[in-house]
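Below is one structure, written out as structure tokens; comments come after it.
The values are calculated or read from the model by the stated rules, or taken from the named source; none is laboratory data. In this text, all values refer to a predicted model and were calculated from it rather than measured experimentally. Remember, those area values only see protein heavy atoms, side chains included, never the ligands or the DNA or RNA. Shrake-Rupley method; radii C 1.70, N 1.55, O 1.52, S 1.80 Å.
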Amino acid sequence: IPCLRSPRNPEQKIIKRVIALEGDIIKTIGYKKKYVKVPHGHIWVEGDHHGHSFDSNAFGPVSLGLLHARATHILWPPQRWQKLQSMLPPERKPLHRDQE
């Protein structure tokens, strides 16, 4: 699960799930285009709360240059301590994945 700088405000860091990689075609949720082919050097990221998340559905594909860390655990609050699972919700899988 990547930690990246917000495309709208580079001072802000956001943690989102990678939904699609460069070359993948994704069906968006409320983006200006219904389908997007993720361009070279970019990823498509989404939060877990569709419709209430500031993610690629709001700002589009994200440059790999904004990626700077990987989140592995939730540490706060203590009652939520857990290792983050790197899984893609089945309904959010890309429609087409370029095979290189």
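May I ask you to derive the relative contact order of the stretch 2-83, considering only C-alpha pairs under 8 Å and at least 6 residues apart, and to give it as an integer percent?
Values: 147 pairs, mean separation 23.9, N = 82.
Contact order relative to length: 29 percent.
Within the stretch 2-83, what is the number of lysine pairs with alpha carbons under 22 Å apart, leaving out pairs fewer than eight places apart on the same chain?
Lysine pairs meeting both conditions in the stretch 2-83 amount to 8.
When all C-alpha to C-alpha distances in the chain are sorted into bins of 10 Å, what percent of pairs does each bin hold, rounded to whole numbers?
15, 48, 30, 7, 0
Could you sort 21, 4 by their accessible area in this structure, using a 1.4 Å probe and putting the largest first? It would help to have the intermediate numbers written out before the result.
Numbers: 21 90, 4 0 Å².
I get 21, 4, largest accessible area first.
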